[in-house]
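K.L.:
Just dropping this structure here.
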Amino acid sequence: MRKIYIYSAIGVAILLAITALAVYLHTANIPVLEPAGPIAIQERAVIVITLLLCAIVVVPVFVLLFLFAWKYRSTNAKADARYSPEGDHANLTIEFTWWLVPAVIIAVLSVIMWQSSHALDPYKPLPGNSMVVEVVALDWKWLFIYPAQGIASLNLLEIPKDVPVTFKLTADAPMNSFWIPQLGGQIMVMPGMVTDLNLMASKLGTFDGFSANISGQGFAGMAFKVNSVSLDDFNAWVQSARESSSTPLTLAAYNTLAEPSEYNAVARYAPVDDNLYADIVMKYMMASTTTPVPSSMQMSGMSGMDMTNTMP
């Protein structure tokens, strides 16, 4: 009878723990579990499947941990009498089982990793005509350049819903990491290098973007907002930026903007120098060559992706 009470208590404790975890996951604001785009949805599926597979090993281990700690506690006079192991390899069936289960899980995870790594390749374009956004990680702010629209924004990313976005990312500061949890996984950005990332928002709303790589004093404030809006609202936002902005983003203006600063307010710029992004990337590459190549030649085609006809 006492064993029944003990096992019942363990079962109730496990049930309460699972219930508490389920309630927490349902009520907590965890961006990676609240996807707003096709890439993030697939990434959430990989996370959930991986956790469930790992739970097959992890949960029994912790259950047995507490069970053994109770059963063979020092105050249990019968523990010494009952515990009589015959050696490490006494029961080949049990030993085979505890090696087989993790091996099968690892094999399944390997297949999932292989398939998801190719399916979620950040360089893989999404179906449909995409718009290009050039991203520059600065100290300690994010600059977004819209080459086809001729505008730029600081710490604000405005994108149309259901339109694929190809990000061209670089850094004009220490290496950093670009991350919008509700749209997709983070990706590293480095000076003198252009990294591609293809994402899309399938819901209207405002999402948080972060720097996912500690980069110094102003790291805590290196965040931005992502507005997913209708195509008409995006076109109106672009037009408003063109008409209301009195700050052209020339190379000289950019050099001033690139100086380290913290907690910068949102700002918009128009027009933007045609080769500004190319100049930002190439200045690191030209510094290491004796015969610099014009940035416009080096970066030709980098932002030459077709834009949807409805884009301004």
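K.L.:
Looking at the stretch 131-298, I'd like the Rg to Rh ratio, where Rg is from alpha-carbon atoms and Rh is Kirkwood's inverse mean 1/r.
P.N.:
The Rg/Rh ratio comes out at 0.95.
K.L.:
Could you put V133, V108, V12 in order, starting from the residue whose Cβ has the fewest other Cβ atoms within 10 Å?
P.N.:
Least crowded to most crowded, the residues run V12, V108, V133.
K.L.:
Can you tell me the FRET efficiency between L53 and L120 if r is taken as the Cβ-Cβ distance and R0 is 30 Å, rounded to the nearest 0.05? Spell out each step's value before the answer.
P.N.:
On the way: r = 18 Å, r/R0 = 0.60.
For L53 and L120, the calculated efficiency is 0.95.
K.L.:
How high is the FRET efficiency between M113 and S244 when r is their beta carbon distance and R₀ equals 51 Å, given to the nearest 0.05?
P.N.:
Taking R0 as 51 Å, the efficiency between M113 and S244 is 0.60.
K.L.:
Please list, or write none, the lysines whose alpha carbon is within less than 28 Å of the alpha carbon of K124, excluding same-chain residues fewer than 8 places away.
P.N.:
Within the straight-line limit of under 28 Å, K124 reaches these lysines: K141, K161, K168, K203, K225, K283.
K.L.:
Identify all lysines with a Cα-Cα distance to K71 below 29 Å; exclude those on the same chain that are fewer than 8 residues away in sequence.
P.N.:
Once the sequence-local lysines are set aside, what remains near K71 is K3.
Only the coordinates and a few stated rules stand behind these numbers; no lab work does. Because the structure is predicted, anything quoted here is derived from the model rather than measured. As a convention, Cβ positions derive from the backbone with ideal geometry for all residues, glycine included, and neighbour counts pool all protein chains shown.
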